[in-house]
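The values are calculated or read from the model by the stated rules, or taken from the named source; none is laboratory data. Remember, predicted model here, so these are calculated numbers, not experimental data. Backbone-built Cβ (ideal geometry, glycine too); neighbour counts: all protein chains shown.
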Amino acid sequence: MSTLDAKKIEEAEALIGQTDSAANEYAKAGMYFKAATAYRVAKSFDKSKDCFLKAIDCYENNKSWFHAAKSYEQIILLAKETDKLSEVEEYANKACCLYQQHGSPEAAAAAMDKAAKMTESKHPDLALGFYKRALAVVLIGDSTHQASEFASKVSRILVRLKKYEEATKALKKEISLNLQTKSYGQVGRLVVALILVQLTLEDYVDAKKTFKK
């Protein structure tokens, strides 16, 4: 163990020792968060995660939803560092819920986007779920331009996963969103993509209809 690691572990333990005398739940949460960060620097990842979870409990007891969500995002980063990407889904979804509870749909969608980018290479099926949820979140907020961006990511992964039936529906949704934002150049490209997917499905009738439209 390096001198820095030992120092950070000592720092974390000291912070944990102070939690019982914390003035309130918010202050206690801050101590656990700092301890978690110190453990993370020392590469003591299990203890770091445990402290982040304790910080989350305290933040939730204090109804500090935003800070609780940010703490979940720190656990997601730990999962990335320790190559435990299968854990990302649970914590990303919890972060998203808390951001929405706080009234921060932009942060909720951003959390989903980051989780998707993190998992897309090795777990495209997980990333697909994150992009779908991000799309649903921004549609609630009526952000059509941002929705079209997430719709594009959904369509792309569906094609990659060869889920062509679902991809046709996603592409039609994406076309609709781009028509609303008057992104006609993008609509043209999407129509071509939709026709190609329909031809892959040997759905020549629908492909012809799409072409004529």
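Wholly within the range 99-162, which helices (runs of 4 or more DSSP H) include no fewer than the required count, namely at least 3 residues that are more than 21 Å from Ile76 (Cβ to Cβ)? Full working, then the answer.
On the way: elements: 105-119, 124-140, 144-160.
Output list reads 144-160.
Which is modelled with pLDDT under 95, buried (at least 17 other Cβ atoms within 10 Å of the Cβ) and assigned to a helix (DSSP H, G or I), of Lys47, Lys8, Lys28, Lys70? Outline the logic, then answer.
Values: Lys47 fails: modelled with pLDDT under 95; Lys28 fails: modelled with pLDDT under 95; Lys70 fails: modelled with pLDDT under 95.
Going through Lys47, Lys8, Lys28, Lys70 in turn, just one is modelled with pLDDT under 95, buried (at least 17 other Cβ atoms within 10 Å of the Cβ) and assigned to a helix (DSSP H, G or I): Lys8.
May I ask you to verify whether Val197 is free of Cβ contacts under 8 Å to residues at least 12 places away in the same chain, in a helix (DSSP H, G or I), out of contact with any His (no Cβ under 9 Å at 6 or more places or on another chain) and of a type in the set (A, V, I, L, M, F, W, C)? Show your work before the answer.
Details: free of Cβ contacts under 8 Å to residues at least 12 places away in the same chain: no; in a helix (DSSP H, G or I): yes; out of contact with any His (no Cβ under 9 Å at 6 or more places or on another chain): yes; of a type in the set (A, V, I, L, M, F, W, C): yes.
It is false that Val197 is free of Cβ contacts under 8 Å to residues at least 12 places away in the same chain, in a helix (DSSP H, G or I), out of contact with any His (no Cβ under 9 Å at 6 or more places or on another chain) and of a type in the set (A, V, I, L, M, F, W, C).
Among the residues of the range 106-129, what is the count of those that are more than 11 Å from the chain's Cα centre (by Cα) and of a type in the set (Lys, Arg)?
Here the count works out to 1.
For (1) of a type outside the set (D, E, K, R); (2) over 24 Å from the mean Cα position of the chain (by Cα), each residue gets a yes or a no:
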{"position": "Ala35", "(1), (2)": "yes, yes"}
{"position": "Lys49", "(1), (2)": "no, no"}
{"position": "Cys58", "(1), (2)": "yes, no"}
{"position": "Ala68", "(1), (2)": "yes, no"}
{"position": "Ile75", "(1), (2)": "yes, no"}
{"position": "Asn93", "(1), (2)": "yes, no"}
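Within the range 147-182, how many residues are surrounded by fewer than 17 Cβ atoms within 10 Å (Cβ to Cβ) and either more than 23 Å from Asp125 (Cβ to Cβ) or in contact (Cβ under 8 Å) with a residue 60 or more places away in the chain (or both)?
5
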